[in-house]
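Trainee: Have a look at this one.
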């Protein structure tokens, strides 16, 4: 497919074998399309992407990374960690001595509702 009309796409033969990528990254556009189709499938099978996440919780960082790599294209440990931490499935967005930590904990994020809810402050990639 020719993406030359799209300002958010670029093609550089030196990057990712010359395939069209999202401008400023190395993410192939086809991976974005494939991942969107995967999300549509997860919505059908689990009601929503959130439902799919909840169905697999709790998992360790390594287990989440393996699951995302099996399910999606172009996902790695850092992306998975930051994404799941931002949604509350992995701890570490705030240190226990941070004033915001208590407010976050009061919201009962998914990571805090597991048997092993010890704070985790560093990436174990």
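Trainee: Are any residues in region 65-118 closer than 22 Å to residue 26 by Cβ, part of a helix (DSSP H, G or I) and touching a residue at least 12 places away in the same chain (Cβ under 8 Å), and if so, which ones?
Mentor: 65, 68, 71, 77, 78, 80, 81, 84 - these are the residues of region 65-118 that are closer than 22 Å to residue 26 by Cβ, part of a helix (DSSP H, G or I) and touching a residue at least 12 places away in the same chain (Cβ under 8 Å).
Trainee: While we're looking at this one, here's another question. Could you list all residues from region 64-86 that are in contact with a helix residue (DSSP H, G or I) (Cβ under 8 Å, 6 or more places away or on another chain) and loosely packed, with under 14 Cβ neighbours inside 10 Å?
Mentor: The answer is 76, and nothing else.
Trainee: Of the conditions (1) assigned to a helix (DSSP H, G or I); (2) out of contact with any helix residue (DSSP H, G or I) (no Cβ under 6 Å at 6 or more places or on another chain), residue 7 satisfies every one except a single condition; which number is it?
Mentor: Of (1) assigned to a helix (DSSP H, G or I); (2) out of contact with any helix residue (DSSP H, G or I) (no Cβ under 6 Å at 6 or more places or on another chain), only one is false for residue 7: (1).
Read-outs throughout are calculated quantities, based only on the coordinates presented, and are distinct from any laboratory measurement. Given the structure is predicted, the values throughout are model-derived calculations rather than measurements. Quick reminder, even Gly has a Cβ in these numbers, built from the backbone with ideal geometry, and neighbours come from all protein chains shown.
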